1. Once each part is reduced to its C-alpha centroid, what is the distance from the stretch 15-94 to the stretch 252-269 in angstrom?
2. If we count other beta carbons within 10 Å of each Cβ, what is the order of TYR114, TYR71, TYR422, fewest first?
3. Give the separation of the Cα centroids, the stretch 294-330 to the stretch 142-168, in Å.
4. Residues with beta-carbon under 12 Å from that of PRO158, excluding PRO158: net charge, scoring Lys, Arg +1 and Asp, Glu -1?
5. If the cut-off is 16 Å between C-alpha atoms, which lysines fall inside it for LYS272, apart from same-chain ones fewer than 8 positions away?
6. Is there a quick way to get the dipole size of the stretch 214-394? I mean about its Cα centre, with the Cβ of Lys and Arg at +1 and of Asp and Glu at -1; what is the value in debye to the nearest 20?
7. So, by mean Cβ neighbours within 10 angstrom, what's the order for 442-448, 225-231 with the highest one leading?
8. Label-point separation (nm) for LEU89 and THR176, each offset 7 Å from Cα along Cα-to-Cβ?
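None of the figures in this text is laboratory data; all of them are computed from the coordinates on show. A quick note: this is a predicted structure, and the numbers were derived from the prediction, not measured. Methodologically, a virtual Cβ is constructed for each residue, glycine included, from the backbone with ideal geometry; neighbour enumeration extends over all protein chains shown.
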Amino acid sequence: MLKAKLLNQQAYFKQDITKSIPFRKAQLLKLKQAILDYEDRINEALKLDLNKSEFEAYTTELGFCLNSIDYVLKHLNQWTKSKRVSTPLFQFYTTSYIVAEPLGTILIIGPYNYPFQLIIEPLIGAIAAGNTAIVKPSEQAVHIGLVIESLIHSIFEPEYVDVVMGDEQVTKELVTLPFNHIFFTGSTKVGQLIYTAASQNLTPVTLELGGKSPTIVEESADLRFAARRIAFGKFINAGQTCIAPDYIYVQASVKETFIKHLKQVITDMQFKPEDFGHIITERHYNRIKNLIDPSKVIFGNQLDQATRYISPTLLDNVGWNDKVMQEEIFGPILPILSFDSITEVIDVLRNKEKPLALYLFTSNKEVEKMFLSKISFGSGAINDTIMQISNPRLPFGGVGLSGMGAYHGLTSFGTFSHQKSYIRKSPLFDLDFVYPPYSQRTIKLIRKIMK
């Protein structure tokens, strides 16, 4: 059945219907209207799956996608134009061009943490680039998966955009099929399996993974603003965000003052159980719960297994060998480590895996310059957290074990396109000396021309 779905889409793509720019725009407008029509159902499903508040549901899921569609529609004509580039002098009477063409049929596999946005956002790019697509929502976000299935089927024919539901066995079967591109958001472990399976068909992949994203607080930072912005970025969606601050690395000289500010801003934000995000499944709840060392808790640690609620929790006096530092937390636990000098931090981070995100709080331009030049990371922010993802002009993606490839805005369009290059040579003029037989004089002339 899955192979038949792919074959149907491949046949539809070969009709060249999806390559029409007016067609692409019309499909994006249909998607936008469907999101608006389904808004209540989407909000309800996100509440059931993750206890997302209406504010979080709109800003991080619906509104994010609506803004993305508007941005793509505004720029699509420009992106799809054939672009003329300069031509070397020795190619007399020749012009050179690049044109973006769709790859074909795309597979999009979504995660559970932002189960609507992380299906729809890459789908926007796939449609904009002129492809067909099959999307696979996360089986863990059951309610929103059903809404996505209903929404997609209400506006698109299955040979153009289709939805496949099911468990990990379905995903395993899908990734063995010869798609033209696979886009996956999830864990590094699963990403490695998908990469291996895709390689059998030489299928290119985009892997949006994760890791332990550090947040460094240097002594010159505004500690109150730092505390508030870190708490916001960490505890949105109950910490189930791939680019959330995973841990705080604070300079020892300001540590105690910073912790006081951090406790205060968390208290002021009033994270109530009825409004705060809940952990997606009991298995994930137990995993996160087991990362908490009660002897190191300095704030929070209110738990409710029945609703999978874990309150914002701070851990102090944490070391690199602690259990909470061995894996990505992906929950509302924030370990605090300290350092004495910036060079110490840089030495430590350069010896760890490249993170998906890095955040630095400082007023020192030299410190900022050091981090940007010496530490590799997917994306990041200076004196803020997670907001880099909201700018469609910035590519979003990982590096090393935190991911492969990128998307958002123009980068999404590029990810799902092939940059086809070609030249056009005048048929009215030709140079005899470029054709054999070649004399020594010809070779000398060519050497001069090609310098």
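1. 40
2. Numbers: TYR114 26, TYR71 18, TYR422 10.
Listing TYR114, TYR71, TYR422 from fewest to most nearby Cβ atoms yields TYR422, TYR71, TYR114.
3. About 36 Å separates the Cα centre of the stretch 294-330 from the one of the stretch 142-168.
4. Details: positive: LYS5; negative: GLU149, GLU157, GLU159, ASP162.
Net charge around PRO158: -3.
5. By straight Cα distance, LYS272 reaches LYS47, LYS52, LYS234, LYS263.
6. Numbers: 21 positive and 22 negative charges, 60 e Å.
The dipole magnitude comes to about 280 debye.
7. Numbers: 442-448: 11.7, 225-231: 22.6.
Output ranking for 442-448, 225-231: 225-231, 442-448.
8. Computed distance between label sites LEU89 and THR176 equals 5.8 nm.
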